[in-house]
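Written out below as structure tokens is the structure these notes cover.
The values are calculated or read from the model by the stated rules, or taken from the named source; none is laboratory data. Remember, it's a predicted structure, so these values are computed and weren't measured experimentally. Every residue, glycine as well, gets a Cβ built from its backbone with ideal geometry; the counts of neighbours run over all protein chains shown. These accessible areas exclude ligands, DNA and RNA; they are computed on the full protein's heavy atoms, side chains included. Shrake-Rupley method; radii C 1.70, N 1.55, O 1.52, S 1.80 Å.
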Amino acid sequence: MTTGLRLVLILGLLAALAPGQVAPKPGPLDAKVQALRQTIYGDSQEVIIGVVPPEYRRAHDEKRDRFRKGLEELLAQHGPGGAGARLDCGPVYQALAGPDCELAGQALRDLCDRVLKEDAACWGLVHLIEALEPRLEGPANGIIISGTGPLDLATPEFDEVDPAILAWALRWRGECEEGLAARVLDLYFVRCAAAFGSIEDARKRARELGVAPGLVGRDAAEVKRLADVVVYATEGQATRSTWPDSASERQAFRRFWHGLLAQDLKIVRPEQATSLATLGRAMAAIPGLLARARGEPTTPVLGLKDDEGGRLLADWIDPGAEGKAPWDKRAALLKRASGDERLVLVDLIYDFGLIGPGLDELLAELARGSRDWKLRSMALRALAFQHPQGFDKRIARLGNDKVWQVRLATAEALAAYRSLEAVDALIAMLDDEHLRVRARAAGGLAGLTGVALGSSAKRWKDWMAEKGPDWQLPDEVTARRMREGTRDDTRYARYFDLVVPSNRVAFVLDKSESMYYGLWDGAVKQVSNFLEESGPTSYFGLVEYDDEARVFKKTLLAANAGNNKKAIAFLARSKPTGATNVIDALRAAWEFKDCDSIVLLSDGLPNKGKPSSPQGILDTVARMNRYDRIAIHCVQMLSGRVFAHDAPDEALAEPLTPEESARRDDLRRRAGRDELGGFLRQLALANDGDYGLGFGDLRSPPPGSRFGPGTDR
């Protein structure tokens, strides 16, 4: 059982084990809710984890819609503003928050908004907030639960957290006076802390909140139940570090607080800051970071000076006794520091995502004046977070830098200059020899203009000529709204469902035993399709791996007909066998000069190499890719259709049946939820890549044969 699933079961089911709880007496509405559930679901209580057959899903959806509609009718009759007698609507809220209704995301937040505005004293609010998941996705479509209570699907990764949900909860915490609603929101952050923050702080805070002073009856019982769930679920768990020590953890922290900044969140009450601090020690810096980014007054932040990162955050936020932050002195020293010292500090500025007046000039000066390409690149990447005034032509000249990583960072930094000069500079970068740089420049143009015209320089020049000299850029908010619903129609080559905007790609393909009898054939076929689609102006490399990695050629080759044919012959020369050595295969791909993207395919967790653990590989790649910025796109290989061993090749070319299409769509919706998918998804997101699924049709083994060689441990 994976750690994530174990956490799901603990947080979702331990409520029934919490001692000292007395079941409240049913109210007038309880009987109606139970009768409705009995009519639709009967006595069934089931948990299905795995592939859900399409016909079962349709039946389940029909029952869910009937149950939800019935609950909404009860709420209309008896809820706030209802025509009938006013009743305690807790049972209806509890049922709507349960998995039978599968409310998630915005739908659940809309319901919470209504209750917080009109019925904030109802105990059913506990269940609504409890059902809110801090993840980016909604509930897993492959998990169907009927007849059970709310199930928490929180995840331990920072980069999985949806800032919009946490910002929503923080806003409400700023508006709620002390009472049931405030206590439930406090406990929501405690639950988040138990999942991805400080376990010790979560347990301590849960015990404090579980006492529920000022609450009586069912309100007090429900708050105590939720607090006890956190306490019992975290008993015996190891203390989790909540200070971002590694570069990848700091980048996750940066994405987290930048996500809150994008929500236009303001911390106006100490209770909000307390809620954030519950998530971990570094979270105590976020109120100051939000204020500093807006140029608003900040207050000193204590307890953040244990290491260079802590001192940097404290210096950046704390105005000091005289109203000047110690950062001002450090900025002056930075100009006289050695190259290594500058790089360390710029790395920290980027990792923590510092934003504020004056920082753009400092970063621009470092980018323009350094001979170290790594420092130029990191300064430009940090500059991309800022809101610089005017336009710096010297930054635009870095679009011609000899190092493609610097040019990529230049495209990102130019998008921060909201000016027509930046548009012209980005259009000039659409002629870059690296397609990945051109694609990033096109993305910057779309962000500035609100129009997605792809990576054709001519198309952008013609469009600008039509606008004329008097045209002005839209503001950032307007440009974002203009882009909504529009799509870039540029045709990039695909590997399975993944779009790979690069013309210098290394394919790293799993050839272990589990790829036997069909999966490998599907992976190779997709390589052939990609090379044919990308054309001879693109360059590629090949690495196949099992116990060890084997390279087709040591240099990238043009994707012409001759090289493509030889590459496919190389992949087809032997059968899949052996273990799954991911890290050595990635190291082999790193040796390709001028490669800017990797496509990694695997159907199983790594089990060989040093390191062989998923977390070890993530940490190792983070160090390898600190400055190289190779995009890593990950494909999780799954089984498609199954054919007889002697089925003609024409059968495999037949269109998918509606049932098979529905099955694959269901798997795509649940992609990334298993251990392998979670590893590949995290590897891709941490390295400028995308994650997706691939399907390979299988052939059954001939009669009397083994399914595979039996060598993959």
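Restricting A415, A409 to those that are hydrophobic (A, V, I, L, M, F, W, C), within 26 Å of L345 (Cα to Cα) and open to solvent by 10 Å² or more (accessible area, probe 1.4 Å) reduces the list to A415. Across region 460-486, the number of residues qualifying as open to solvent by less than 90 Å² (accessible area, probe 1.4 Å), not in a helix (DSSP H, G or I) and not aliphatic (A, V, I, L, M) comes to 6.
Out of all the residues in region 338-355, which are of a type in the set (G, A, S) and either free of Cβ contacts under 8 Å to residues at least 60 places away in the same chain or open to solvent by 10 Å² or more (accessible area, probe 1.4 Å) (or both)? I'd like the intermediate steps shown before the answer.
Going residue by residue through region 338-355, those that are of a type in the set (G, A, S) are 338-339, 353.
Across region 338-355, the qualifying residues are S338, G339.
One residue stands out in region 365-390 among those that are at pLDDT 90 or above and under 20 Å from G295 (Cα atoms): the one that is surrounded by the fewest Cβ atoms within 10 Å (Cβ to Cβ), namely A384.
Pairs meeting the criteria (first residue in region 214-240 and outside any helix (DSSP H, G or I), second residue surrounded by fewer than 18 Cβ atoms within 10 Å (Cβ to Cβ) and not aromatic (F, W, Y), beta carbons under 6 Å, at least 6 apart or on different chains) are T239/E200. Which residue, of A662, A647, is open to solvent by less than 50 Å² (accessible area, probe 1.4 Å), assigned to a helix (DSSP H, G or I) and more than 21 Å from T580 (Cα to Cα)? Every option except A662 fails the conditions. When the criteria are applied in full, I395 fails the requirement of being of a type in the set (V, I, T) and closer than 22 Å to R250 by Cα.
For region 161-173, indicate whether the set of residues that are outside any helix (DSSP H, G or I), of a type in the set (D, E) and either modelled with pLDDT under 90 or buried (at least 23 other Cβ atoms within 10 Å of the Cβ) (or both) is non-empty.
Going through region 161-173, the residues outside any helix (DSSP H, G or I) turn out to be 161-162.
When the remaining residues are screened for being of a type in the set (D, E), the result is 162.
Next, from what is left, pick out any that are either modelled with pLDDT under 90 or buried (at least 23 other Cβ atoms within 10 Å of the Cβ) (or both): 162.
Scanning region 161-173, I find at least one residue that is outside any helix (DSSP H, G or I), of a type in the set (D, E) and either modelled with pLDDT under 90 or buried (at least 23 other Cβ atoms within 10 Å of the Cβ) (or both), so the answer is yes.
Among the criteria (1) more than 23 Å from F189 (Cα to Cα); (2) surrounded by fewer than 19 Cβ atoms within 10 Å (Cβ to Cβ), the one R292 does not fulfil is (2). Inclusion of V599 among residues that are under 20 Å from W404 (Cβ atoms), in contact with a strand residue (DSSP E or B) (Cβ under 9 Å, 6 or more places away or on another chain) and not in a helix (DSSP H, G or I) is warranted. When D61, D65 are screened for being under 37 Å from the mean Cα position of the chain (by Cα), modelled with pLDDT of 90 or more and of a type outside the set (K, R), only D65 passes. Scanning region 570-587 for residues that are modelled with pLDDT under 95 and aliphatic (A, V, I, L, M) yields L571, A572, A579. Of all residues in region 295-310, one or more are of a type outside the set (A, V, I, L, M), surrounded by 15 or more Cβ atoms within 10 Å (Cβ to Cβ) and in contact (Cβ under 8 Å) with a residue 40 or more places away in the chain.
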